[in-house]
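Working notes for the structure below.
The values are calculated or read from the model by the stated rules, or taken from the named source; none is laboratory data. Quick caveat, the model's predicted, so the values are computed rather than measured. No Cβ is skipped: glycine too gets one built from the backbone with ideal geometry, and neighbour counts run over all protein chains shown.
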Amino acid sequence: MTPFQITFLGALGVLLYFLVYGILYKSDVESYFNCNRQLNRMEFGSSFAAASTSLATVLFFFVTLGLENGLYILISPLSYLVGILIFNKYILPKLQIYRYAEGNETGQISVGSTLGLFMEQRFGSKWVKIMISLITMLGIISILLIELYVGVDIFNIFIKPEYREIALVLIAVVVFAYTGLGGLNTVVKTDRIQFGFMLLVAFGIVIWLCILKPSVTFADFFPAPIPLSEGLLLKWPLFLNMVIVNILLIPSLLRNWQLIAATRDYSEVGNGLMSGFVLTAVISALFVVLGILFFNVFPQTELSLNGILSSMAASNDKVVSMILLPLLFMACLMALLSTVDSSLLPVVQSISCDFGKTQIGRRKYLVITGLLLVLTIGIYWIVFKLLKFELIEWLYTIFSLVTISSPAIILGCIGNETVLQKRGVRIGTIIATVVGLILALLISYIGNVRGNIWFIQLNTPIAALIDSLILFIVYKVNS
């Protein structure tokens, strides 16, 4: 058998395994969204880390950006830590006071708590709930798009370009099916499998590259610092984007709110977030080192994840082409699956709870999942075929889509409820968030048209600043 055939069979094996897993270990209605509140710190942490280790960022983005910026690129997970510390200190205690995880007022604990319902309770407005739910779901669907884009792209090493859409549909159907069948219980358990596999493969390939005795120097891992006028270890647009996005990411991701509602107690949540950070930082560092070592040992390799896979496939070393290549490809596929399933299920929950008056059954959850599958593939075609966004441009765009609601969410958590429920604050919150969203999308569009990546990287910092300033003024005026 050829390396491509082995790799292809390995990929099919991964997809089949998780599909069967979802069928065999499907959740009942009572535990579909919250595992009966039985998640512990390690399950929370591993699921958080697996969802954070996306194919588009850690495996694709970090492997290539690490070559230019070295380990300075780890500013990204370090700023993630800042976001977690802020969340644990200022927001998590408020969630405990307001009994966020105990379910909604009608006691539908099987449906569980959602960010949208919580914001409706705090602001006393269904329109704030609808706005935040729609924007956070839009951000999550954007993550699905980028994961599917990169996932389809890596299949190019052994399929013709005209068959890319077949790979897209196959991957999407499998991940949507096992997530829709299994619920959160299946997602958490598969996340642990996926993350463990990714970690072992990355570690193994780094060891193999070290055995080849690469001629790396200290400067490869820690390049000479750039002038302060240009940036702080990273160029200013990239630095600001990474820091602002990662600090705002924790409160805006629907999956975090779902995991919080499914965890035994709030101390487990705080510890789980810290465990998740450690695991995310470790695997991020491994893939940055992997990229630096690989391109040092094989300097003719194309600067991309596909370049690494193709170079391994062409190797005369059978261990590399017959074993390491299939394992790395399977790890890439698992990175895709772990991010997509952890993103998809909170959207299903948000649609079910935030826009449904009564508790609905698992069959309808499957219907919602199927509709989301069709919607995601449709938006994929619009973004990448019609609007012709490239991977990197869309990647920075989705950061803004995911995080733009964070200022409103933070205000909703820490603000005085009497003030939050004033008409001026509720209207101001909607206006500020919508203005921030439009501004972020406009900056991304202009940057994409002009081919200016630095301009696109500033979309989140600028939009979040304007959004926050409007919210601050509105809140102070009404206090």
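Summary of values
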{"quantity": "Unique residue being in contact (Cβ under 8 Å) with a residue 40 or more places away in the chain and buried (at least 20 other Cβ atoms within 10 Å of the Cβ) when the list is Val282, Val297, Val278, Val288", "calculated": "Val288"}
{"quantity": "Identity of the residue in segment 6-29, part of a helix (DSSP H, G or I) and among the small types (Gly, Ala, Ser), that ends up nearest to Arg363 (Cα to Cα)", "calculated": "Gly22"}
{"quantity": "Single residue of segment 139-166 satisfying the filter (assigned to a loop (DSSP other than H, G, I, E, B) and not aromatic (Phe, Trp, Tyr)) that is surrounded by the most Cβ atoms within 10 Å (Cβ to Cβ)", "calculated": "Ile159"}
{"quantity": "Output for segment 78-94, where each listed residue is in contact with a Phe, Trp or Tyr (Cβ under 7 Å, 6 or more places away or on another chain) and either free of Cβ contacts under 8 Å to residues at least 12 places away in the same chain or within 15 Å of Phe277 (Cα to Cα) (or both)", "calculated": "Tyr80, Leu81, Ile84"}
{"quantity": "Index of the failed condition, Ala335 passing every other in (1) among the aliphatic types (A, V, I, L, M); (2) part of a helix (DSSP H, G or I); (3) surrounded by fewer than 22 Cβ atoms within 10 Å (Cβ to Cβ); (4) touching a residue at least 40 places away in the same chain (Cβ under 8 Å)", "calculated": "(3)"}
{"quantity": "Top-ranked residue in segment 27-57 [being small (Gly, Ala, Ser) and in contact with a Gly (Cβ under 8 Å, 6 or more places away or on another chain); ranked as surrounded by the fewest Cβ atoms within 10 Å (Cβ to Cβ)]", "calculated": "Ser31"}
{"quantity": "Where Gly45 falls short, out of the listed (1) at pLDDT below 90; (2) under 28 Å from Asp265 (Cα atoms)", "calculated": "(1)"}
{"quantity": "Residue satisfying condition, being surrounded by fewer than 21 Cβ atoms within 10 Å (Cβ to Cβ), under 28 Å from Ile308 (Cα atoms) and either among the β-branched types (Val, Ile, Thr) or more than 21 Å from the chain's Cα centre (by Cα) (or both), within set Leu67, Leu74, Leu24", "calculated": "Leu67"}
{"quantity": "Segment 236-271, subset in contact (Cβ under 8 Å) with a residue 60 or more places away in the chain and not in a helix (DSSP H, G or I), residue farthest from the chain's Cα centre (by Cα)", "calculated": "Arg264"}
{"quantity": "Tally of residues being farther than 20 Å from Ile132 by Cβ, surrounded by fewer than 23 Cβ atoms within 10 Å (Cβ to Cβ) and either aromatic (Phe, Trp, Tyr) or touching a Gly at 6+ places or on another chain (Cβ under 9 Å) (or both) across segment 247-266", "calculated": "1"}
{"quantity": "Residue within segment 426-433 that is more than 22 Å from the chain's Cα centre (by Cα) and either surrounded by fewer than 17 Cβ atoms within 10 Å (Cβ to Cβ) or without any contact (Cβ under 8 Å) to a residue 24 or more places away in the chain (or both) present", "calculated": "yes"}
{"quantity": "Residues within segment 281-304 that are assigned to a loop (DSSP other than H, G, I, E, B) and either out of contact with any helix residue (DSSP H, G or I) (no Cβ under 9 Å at 6 or more places or on another chain) or within 24 Å of Pro77 (Cα to Cα) (or both), tallied", "calculated": "3"}
{"quantity": "Search result, residues across segment 49-60 that are within 13 Å of the chain's Cα centre (by Cα) and part of a helix (DSSP H, G or I)", "calculated": "Ala49, Ala50, Ala51, Ser52, Leu55, Ala56, Thr57, Val58, Leu59"}
